[in-house]
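Notes follow the structure.
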Amino acid sequence: MSTTTESPTDAGTRTVVVVGHGMVGHRFVEALRSRDTESTWKVVVLSEEAEAAYDRVGLSSYIGTWDRASLALGGNTYDGDDLVDLRLGTRAEHVDRDARTVTTSSGELIAYDSLVLATGSHPFVPPVPGHDSAGCFVYRTLDDLDGIRTAAEAAIERAAAKGREANGLVVGGGLLGLEAANALRLLGLTPHVVEFAPRLMPLQVDDGGGAVLEGLISSLGVQVHTGAGTSSIAAQDDGRLAVELSDGTALLTDLVVFSAGVRPSDGVARAAGLDVGERGGVVTDLTCRTNDENVWAVGEVAAVEGRCYGLVAPGYTMAEVVADRLLGGEATFPGADLSTKLKLLGVDVASFGDAMATTPGALEIVHTDATKGTYAKVVVSDDAKTLLGGILVGDASAYTTLKAYVGREVPGDPGALVSPAGAELGADALPDDAVICSCNNVTKGSICSAIADGSCDLAAIKGCTNAGTTCGGCLPTVKKLLVDSGVELSKALCEHFEQSRAELFEIVASTGIRTFSALVARHGTGTGCEICKPTVASILASTSSDHVLDGEQAALQDSNDHFLANLQKNGTYSVVPRMPGGEVTADQLIVIGQLAKDFGLYVKVTGGQRIDLFGARVEQLPAIWQRLVDVGMESGQAYGKSLRTVKSCVGSSWCRYGVQDSVGMAVDLEHRYRGLRSPHKIKFGVSGCARECAEARGKDVGVIATDRGWNLYVCGNGGQTPAHARLLASDLDDETLVRYIDRFLMFYVRTADRLQRTAPWLDALEGGLDHLRAVVCEDSLGIADDLEAAMGRHVEGYRDEWKAVLDDPEKLSRFVSFVNAPEEADPTVAFDESGPRKVPVLLGLPTVREKV
Amino acid sequence: MTTLITAVGNISVEEGTRSTVRNAVRPGILPAPGAKLWVPACLVGRLVPGRGVAVLLPGGAQAAVFLLPNGMIYAIENLDPYSGAAVLSRGLTGDRTGEPTVASPLLKQVFSLRTGAALDDPCVTLPTYAVRVQHGTVKVGVPLP
Ligand SMILES: Cc1cc2nc3c(=O)[nH]c(=O)nc-3n(C[C@H](O)[C@H](O)[C@H](O)COP(=O)(O)OP(=O)(O)OC[C@H]3O[C@@H](n4cnc5c(N)ncnc54)[C@H](O)[C@@H]3O)c2cc1C
Ligand code: SF4
């Protein structure tokens, strides 16, 4: 709070009048007031809107909360600062540049020394017949959204009375049009989007990306009409609007939102004779000064060297430039990065650099995956060496790293940048001046020096560099830098333990400590967290046969393990009984079917050859499991970081090609390793011949029959980064096979990091596959007996977790919805069964807006 | 900020299989001023140190009540604002540089049990509830209008 003692009219105090209190106008006032320590400027702000500056970028989050205050920009009323005079609901009508005065809508005349135009833009409404009918809107201000809301609610009521769906039409399929379409969807209307160009988001993506985007958006229930203009709009007697498109399509809609681009609000400037650009906007030089030396323009209304910027970040930069200039500084506008990454209706879209390949000689490399719905393109220089730009649709995870490479030479084959099999572009190869966090303009160099200065986790780096504090998109890259830096402490599990998981494992194994509290008291600090507790729980479980819910261990388990079921997005659980090798009896299937009927569960067959029952509430789990246990089924540990399934083909008993009994082996292996807790989930596959129908080479442990026995493959997985399993040993007899798997699994359980699957574990293992083979097959470390004995204890001590719970009233008593109303169903859990399959409906809608 | 602790005397824990012994169970936050409806949740002995339970409040709201190993009891909103599911009572507790926390079991966002603030997201703060223990029963204070 400023405590100015001088009177604002003191001689020497000059007056700057700011026209427009949008995001940029406010930023200008803040920048000026925070730097003008001598109080040389008095500020008068004229705001046409009745609301003080608010977050227009986040406008859509107004929907649902309808709380204006939640969008207010910090400090937007300048309370306690008598050098700022904010006049809400007051338009600037006329500027007299000779007299240096502004006339306001209330008829007042205000003299200025400097004038800053921050009037922003207004939506462009194409002059089609009927564009001003009731029911036509634009999407720019809080008032616009209130209007759309009222119309949408009336439309829904009207439509319900007629037994039809209410719908809305958005004219314009750009970034904002899609955002408006999503808004209509949230309001309960079926959205249609009409885009004149042959693709959606024509400014950001090319035809290929547009096609993928259209597919993804259509699958979300948005009706897309591309390559069509709006020809006319006519009000109907029933309150609806008849819209005719240029391709002859006629649509009946309840309301229309125009989102066909914006035009700079340069009316007052034009009338005052200031230079304006060809396509509008007040022309300025790089200092944001107009052709009148006392008049400046910032934000969307400014055409800096003839170019307008429709994003807020360049506007903020202009505001800082002008504040600096008014105080005698020398700042200039450095240009702006127009790269965008956003999530529209849940779909990732990113474009950066020269996305449209306009550089002469530029080459494009495109990778489209229609089934996954992804599109990736990179644009490189004519010698295929320098990255110029690109477009990502459907999966934009590579955005931050790729963007940082723009204008630089790419290591290796540029085609690999977009091909899924290609090497991931490492942040390590980037030079220090590459920008990693573009929201806050933080370079790789500053992040690395923060790490060198002792920032040892994401939180610390965020704190001292600001990287990752706005959209968060760069955090994976920052994390990689942290890991690559090889800073010693990167091994620390979390703030409570300096040790790695493997070191903690050794401590537990050698000291015999059996409780978390003792471990954290003797070897750590604090009371633990969501990272170290489940890790220690897993170590304790791997090293003994205690029940995971015994004693103090109960408090360490992640929610999945705590309720021995898989937590789903709406707080209900899914239930997966074990079916070793994919075998199931008729009686068991009948019970599963009956359970699904009795409890209304959604049934799905999993990729691991078993059956998943979705939608069970906490308090229903014991009754469900009682019936499964009664028919001889056990927990499938689908909820745990533990052995999941042993998938098998039908093998020699039925298959004419089979050379070994793959089902028999799979069942034996699943029985042996069931219940084993590990750093991450473990999957097995067993195939009866080299045709490999069980896809065993995509598993952590793959067993494939040969004429002479079994080949053992290890460290494969599917998922996000697929890896083929590698051959560890060939032609093994049954007994040797099991012995090798015992050793392999226990070695992994002991030495892997938290949440490290076998493939990355092998990658990180010094000596790689050869070392692993030496340890497992030749016992090079002399620990084979130890590993086998540990596995022996596991096999010996195995008990079914669910049966143990059902036999223990104390543990059973935790399976309640509410401690004060144990049988009451959670009122926020609901399902929609109107579609082809039962799906959860969230009644307690998320209140946090998804970050773009 | 100072945390005020009101000890409510020694509460004996009923016989049970639980291993942790607690001498005193203390409400973690002092009730905010104003009249409250005190909704009985459960006996203190029903709480597992380090874990939470869900409590149904009049009108359908839900509180998540946690007992920490040091004997402090906290209550915050049960509805996870990031997922819309009523699951926070099932999250893991712990601390971040000493601040008592719970992590959402769904996407692991971490909340302060004292203030309800999301520790990695300055825009989000959950409602908290006053807690007291009377004659061995944990009660959640719902502000009266
Ligand atoms: C739904 C939506 C989503 C967006 N998303 C993003 C995004 O993700 N990223 C991004 O970078 N940008 C986004 N934008 C664009 C961003 O909001 C603008 O770039 C930014 O608001 C421009 O700020 P400004 O201050 O220049 O203009 P504005 O915020 O438009 O403010 C101008 C103000 O001046 C007032 N005014 C006009 N004429 C006068 C006058 N004569 N007298 C007094 N007052 C006057 C107007 O009423 C208005 O309040 C989005 C915009 C919208 C509408
Ligand atoms: S892997 Fe071989 S044995 Fe198994 S089903 Fe296929 S062909 Fe038959």
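The values are calculated or read from the model by the stated rules, or taken from the named source; none is laboratory data. As the structure is a computational prediction, the values presented were derived from the model and not from experiment. Cβ sites come from the backbone with ideal geometry, for glycine too, and all protein chains shown count toward neighbours.
A few points about this structure:
- Checked against the criterion of being more than 37 Å from the chain's Cα centre (by Cα) and modelled with pLDDT of 95 or more, the stretch A:296-303 contains one or more residues that satisfy it.
- Some residue of the stretch A:825-841 being at pLDDT 90 or above and closer than 30 Å to A:K683 by Cβ: no
- Taken over the stretch A:331-355, the criterion of being at pLDDT below 85 and in a loop (DSSP other than H, G, I, E, B) is satisfied by A:P334, A:G335, A:A336, A:D337, A:L338, A:S339, A:L345, A:G346, A:D354, A:A355.
- Scan the stretch A:126-145 for residues that are acidic (D, E) and touching a residue at least 24 places away in the same chain (Cβ under 8 Å) and the total you get is 1.
The rows are residues; the columns are (1) over 15 Å from A:G582 (Cα atoms); (2) within 16 Å of ligand 1 (Cβ to nearest atom); (3) touching a helix residue (DSSP H, G or I) at 6+ places or on another chain (Cβ under 8 Å).
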residue: A:V650; (1), (2), (3): no, no, yes
residue: A:D661; (1), (2), (3): no, no, no
residue: A:A666; (1), (2), (3): no, no, yes
residue: A:H671; (1), (2), (3): no, no, yes
residue: A:G675; (1), (2), (3): yes, no, yes
residue: A:K681; (1), (2), (3): yes, no, no
residue: A:V686; (1), (2), (3): no, no, yes
residue: A:A690; (1), (2), (3): yes, no, no
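- Matching helices (runs of 4 or more DSSP H) fully within the stretch A:488-554 where at least 2 residues are under 25 Å from A:D786 (Cβ atoms) and of a type in the set (V, I, T): A:501-511, A:532-542
- Considering residues of the stretch A:458-487 that are polar (S, T, N, Q), closer than 23 Å to B:C123 by Cα and modelled with pLDDT of 70 or more only, the residue surrounded by the most Cβ atoms within 10 Å (Cβ to Cβ): A:T465
- Lone qualifier among B:S112, B:S104 - being touching an Asp or Glu at 6+ places or on another chain (Cβ under 9 Å), within 13 Å of another protein chain (Cβ to nearest Cβ), among the hydroxyl-bearing types (S, T, Y) and over 22 Å from A:T65 (Cβ atoms): B:S112
- Of all residues in the stretch A:528-559, exactly one satisfies the criterion of being surrounded by fewer than 23 Cβ atoms within 10 Å (Cβ to Cβ), under 14 Å from B:P69 (Cβ atoms) and of a type in the set (A, V, I, L, M), namely A:A554.
- Count of the stretch B:46-75 residues, restricted to those that are touching a Gly at 6+ places or on another chain (Cβ under 6 Å) and more than 11 Å from chain A (Cβ to nearest Cβ), is 2.
- Test for A:F831: is it among the aromatic types (F, W, Y), surrounded by 15 or more Cβ atoms within 10 Å (Cβ to Cβ) and free of Cβ contacts under 8 Å to residues at least 12 places away in the same chain: no
For every residue, the table says whether it meets (1) in contact with a helix residue (DSSP H, G or I) (Cβ under 6 Å, 6 or more places away or on another chain); (2) touching a residue at least 60 places away in the same chain (Cβ under 8 Å).
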| residue | (1), (2) |
| --- | --- |
| A:T15 | no, yes |
| A:S34 | no, no |
| A:A53 | yes, no |
| A:T90 | no, no |
| A:L109 | no, no |
| A:Y112 | no, yes |
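- Of A:V829, A:V841, all but one fail to be within 11 Å of chain B (Cβ to nearest Cβ) and over 27 Å from B:V138 (Cα atoms); the exception is A:V841.
- A:S106 closer than 19 Å to A:V298 by Cβ and either in contact with a strand residue (DSSP E or B) (Cβ under 6 Å, 6 or more places away or on another chain) or not aromatic (F, W, Y) (or both): no
- In the stretch A:779-808, the residue that is surrounded by the fewest Cβ atoms within 10 Å (Cβ to Cβ) out of those that are charged (D, E, K, R) and assigned to a helix (DSSP H, G or I) is A:E796.
- Residue match in the stretch A:672-680 (condition: assigned by TED's automatic domain parsing to the domain that holds A:V738, modelled with pLDDT of 95 or more, part of a helix (DSSP H, G or I) and surrounded by fewer than 23 Cβ atoms within 10 Å (Cβ to Cβ)): yes
- Index of the failed condition, A:V193 passing every other in (1) under 17 Å from A:F124 (Cβ atoms); (2) modelled with pLDDT under 85: (2)
- Residue satisfying condition, being at pLDDT 80 or above, of a type in the set (S, T, Y) and under 24 Å from A:L755 (Cα atoms), within set A:S490, A:S455, A:S500, A:S446: A:S500
- On inspection, A:L274 qualifies as within 14 Å of ligand 1 (Cβ to nearest atom), away from every other protein chain (no Cβ under 14 Å) and touching a Ser or Thr at 6+ places or on another chain (Cβ under 9 Å).
- Criterion applied to A:V24, A:V45 was being at pLDDT 90 or above, within 15 Å of ligand 1 (Cβ to nearest atom) and part of a helix (DSSP H, G or I), and the one residue passing it is A:V24.
- Considering each residue of the stretch A:403-414 in turn, none proves to be surrounded by 14 or more Cβ atoms within 10 Å (Cβ to Cβ), among the hydrophobic types (A, V, I, L, M, F, W, C) and at pLDDT below 75.
- Spans of strands (runs of 3 or more DSSP E) in the stretch A:68-117 with at least 1 residues away from ligand 1 (no atom under 13 Å from the Cβ) and within 14 Å of chain B (Cβ to nearest Cβ): none
- Answer residue from the stretch A:528-578, given it is of a type in the set (D, E, K, R) and touching a helix residue (DSSP H, G or I) at 6+ places or on another chain (Cβ under 9 Å) and is farthest from the other protein chains (Cβ to nearest Cβ) among those: A:R578
- Selection status of A:R33, within 16 Å of ligand 1 (Cβ to nearest atom), in a helix (DSSP H, G or I) and among the charged types (D, E, K, R): no
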